[in-house]
1. Report which label in (i) 142; (ii) 292; (iii) 177 holds the value of volume of the Cα convex hull per residue in Å³ derived from the coordinates of this structure.
2. Quick one: what are the phi-derived ³J(HN,Hα) couplings along region 35-51, Karplus 6.51/-1.76/1.60 with θ = phi - 60°, whole Hz, x for glycine and proline?
3. Residue 99 label point, 7 Å along Cα→Cβ, cut-off 18 Å on backbone N: hits in region 49-92?
4. 5 Å is the cut-off here: which amide hydrogens, built 1.01 Å from N in the peptide plane, fall below it relative to residue 60, excluding neighbours closer than 5 in sequence?
5. Give me the net charge of residue 105's neighbourhood, meaning all other residues with Cβ under 12 Å from the Cβ of residue 105; Lys, Arg count +1, Asp, Glu -1.
6. For the chain, take the longest principal axis of its alpha carbons; what is the angle in degrees between that and the long axis of helix 195-208, to the nearest 10 within 0 to 90?
7. Starting from the Cα of residue 29, draw a straight line to each of the aspartates and glutamates and keep only those under 17 Å, dropping any in the same chain fewer than 8 residues away.
8. For the residue pair residue 120 and residue 162, what label-to-label distance in nm results when each label sits 7 Å from Cα along the Cα-to-beta-carbon direction?
Amino acid sequence: GPAGAAPKPEDSKAQVSGFKISATRTAKKEDIISSLSSLSFLEIAIDGDAVVVINIESRDISNNPYLFSILFLKPDSVELQYTYIPGMSPKKRKLDVIRYFINIATLLGSSYNIEMSRIYQLLENALGDMSEYVSLQYDTLFSLYDNTKGEVNQMRHELERLRESNKMLSRENYELKLTTDELRVRLTGLETYSDEVLGAKLQEWISEHQGEINVFEFAKVHKVSEGRIDDMLNKLVREGYMSSR
């Protein structure tokens, strides 16, 4: 490129490909140039015994040709060289270039005797490559769909598992609530003796057990909390109903 042009990064470099076909030129170079002059986007020059046809499709940031083709129209052959760039399907690019070449060959008409069988062969190959490319694209797409479908199914199973787990938790939660309610009822039951009745029961127990009381035993038998029993014993001592030891 020209001095001072920014070098292109390695991974964005254009690749070059091409093909050559035997042909016999039957017209003057000037006639060939005038038969192609209707295509204003082409740059045409004479280089020795060849007419050179340049088609610049895009340029890089330094304004150098990036995506382009050069057609060499020689006395005994036509040769086409073209670039293709990263991210572009080389097979599709080849097909596009052959289509362009056929258009040029049509315009050249009687200026050249081109082996048409060779062009058809090129076209056949490019189309074959293309259908392979399309089926490859389809396979890629299908495997992507397949993976996605797999992930969706996995998520569906996971959701089902979470639903089941949620049901189980709800059931456990319900059972826990029942147990809590039951315990609450039993706890209320523990407090059911009035202070007078509890005092009387304690005195009765003490007189039956030689003036002794096992708070734990009493609580178990009468289903009264130990804390409440202690409180009541202290109250009985305070009020002189029994003496502390």
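1. Among (i) 142; (ii) 292; (iii) 177, the one derived from this structure is (ii).
2. Computed from phi, the couplings for region 35-51 are 5, 9, 5, 5, 8, 5, 7, 8, 10, 10, 9, 9, 10, x, 9, 10, 9 Hz.
3. Residues 55-58, 67-70, 82-85, 88-92 fall inside that zone.
4. Close amide H contacts, sequence-distant or interchain: 66.
5. Details: positive: 99, 118; negative: 115.
So the surrounding residues net to +1.
6. Once rounded, one gets 60 degrees.
7. Result set, ordered by chain and number: 43, 47, 49, 76, 79.
8. 6.3
Every read-out reported here was derived from the displayed coordinates using simple, explicitly stated rules and does not represent laboratory data. This is a predicted model, so every value here is computed, not measured. Note: ideal-geometry Cβ built from the backbone for every residue, glycine included; neighbour counts use all protein chains shown.
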